[in-house]
Every structure is written in C-alpha cells, then in structure tokens.
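Report on the structure given below.
Computed from the coordinates by the stated procedures, all read-outs in this text should not be read as laboratory data. Note that the coordinates shown come from a computational prediction; the quantities given were computed from them, not determined experimentally. Here the Cβ is made from the backbone with ideal geometry for all residues, glycine too, and neighbour counts use every protein chain on show.
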Amino acid sequence: MFKKVVNISSFDSAKKFVNLTSKYDDVKMRLRVDDYEIDAHSIVGVLSIVDSEVNAVFTADLPDSDAQLLRDIEPFIVNA
C-alpha cells in the first residue's frame, strides 16, 4: 500500500492532482482528512479538501516503492 501525506492548496493544484491520479484510473486511490475519505480521482471530492493549512493522507493500492507514482505526486508531498 502506497501512503504519503500530501497538501492540495489551490484550485489549480487540485486539477493537476486529479489529472495525475487519472493516469492510474484502474487503481484505488483515496484521500483522508480526519474522518473524511474521498476518491482521489474525483475533482469534486479533491476540491472539497483544498486548503493550504490542511494535509491529507493519500493512499493507493500500489506498492509503497512504486517509483513512477512517487515522482508524479512529489510536488504534493508534505515533508514532515
């Protein structure tokens, strides 16, 4: 299971994030903020969590070592 903390801080970053996740449309991907979980392929869902102050946990049904996915979402990863 691929799991990273991400931040989607603007409308434009939400569009980029959903375009990116759409490349993996056959892979289950979720974003979780507190008790709220959404499909990472859904622009409406991703827009509902846009906030520069709020981080989300991104999970994907791919190995944690998936290098391409890691490169794709790198701009959104929060370095804690």
Treating the angle as unsigned and between 0 and 90°, give the value, to the nearest 10°, between the Cα long axis of helix 11-22 and the longest Cα principal axis of the chain.
20
Computed ³J(HN,Hα) along region 58-68: with the Karplus parameters 6.51/-1.76/1.60, θ = phi - 60°, integer Hz and x for glycine or proline, the list is 9, 10, 9, 7, 9, x, 4, 8, 5, 5, 5
With +1 assigned to the C-beta of every Lys and Arg and -1 to the C-beta of every Asp and Glu, and no other charges, what is the dipole magnitude of the chain about the Cα centre in debye, to the nearest 20?
160
Dipole-positive endmost among 62, 45, 75 within region 2-76 (Cβ charges, Cα centre):
75
Restricting to Cα pairs under 8 Å and 6 or more apart, the percent relative contact order of region 24-68 works out to 43
If you line up the Cα atoms of the chain on their principal axes, what length do they span on each, largest first, in Å?
27, 27, 24
